[in-house]
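Down below is the structure, laid out as structure tokens.
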Amino acid sequence: MITVKTGDKADAGTDARVYIIMYGLKGLETSGKIWLDNGALKRNKIDIFNVVVDKMISPLSKIEIGHDNTGAGPGWFLDSVTVSF
């Protein structure tokens, strides 16, 4: 499960598609790019995504989160992200 909180600032939400990549301890294991939404992350909102990962990435060492820079308002203010297995 991935929990994403968008910040509480003007124009914090995004119209872009957001993704996450998860890496294992040695940096060799990766989930690949997992798309979390279809451009609907709103200001001061918590979104929860249930994702399926092909292989267990444990222990998790780092994540990369970003977006595809599309839509009328692609900028995004990410407040926090939590990954739980």
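Values quoted throughout were computed directly from the atomic coordinates according to the rules given, and no laboratory measurement underlies them. If you're wondering where the values come from, they're calculated on a predicted model, not measured in any experiment. Note that we place each Cβ from the backbone using ideal geometry, even for glycine, and neighbour counts take in every protein chain shown.
Observations, loosely collected:
- Cβ charges +1 (Lys, Arg) and -1 (Asp, Glu), total dipole of the chain, debye: 120 debye
- The Cα trace of the range 1-43 gives Rg and Dmax of 12.9, 38 Å, the first to one decimal, the second as a whole number.
- Computed over the Cα atoms of the chain, the ratio of the radius of gyration to the Kirkwood radius (Rg/Rh) comes to 0.99.
- Highest-first packing order for the peptide set 57-68, 6-17 is 6-17, 57-68, based on the mean count of other beta carbon atoms within 10 Å.
- Charge context of Arg17, other residues only, Cβ under 14 angstrom, K/R +1, D/E -1: -3
- Of all lysines in the structure, the ones whose alpha carbon falls short of 24 Å from that of Lys26, not counting any fewer than 8 places away in one chain, are Lys55, Lys62.
- Local electrostatic count at Ser61 - Lys and Arg +1, Asp and Glu -1, tallied over other residues with Cβ under 14 Å: 0
- Net charge of neighbours whose Cβ lies under 9 Å from the Cβ of Phe77, counting Lys and Arg as +1 and Asp and Glu as -1: -1
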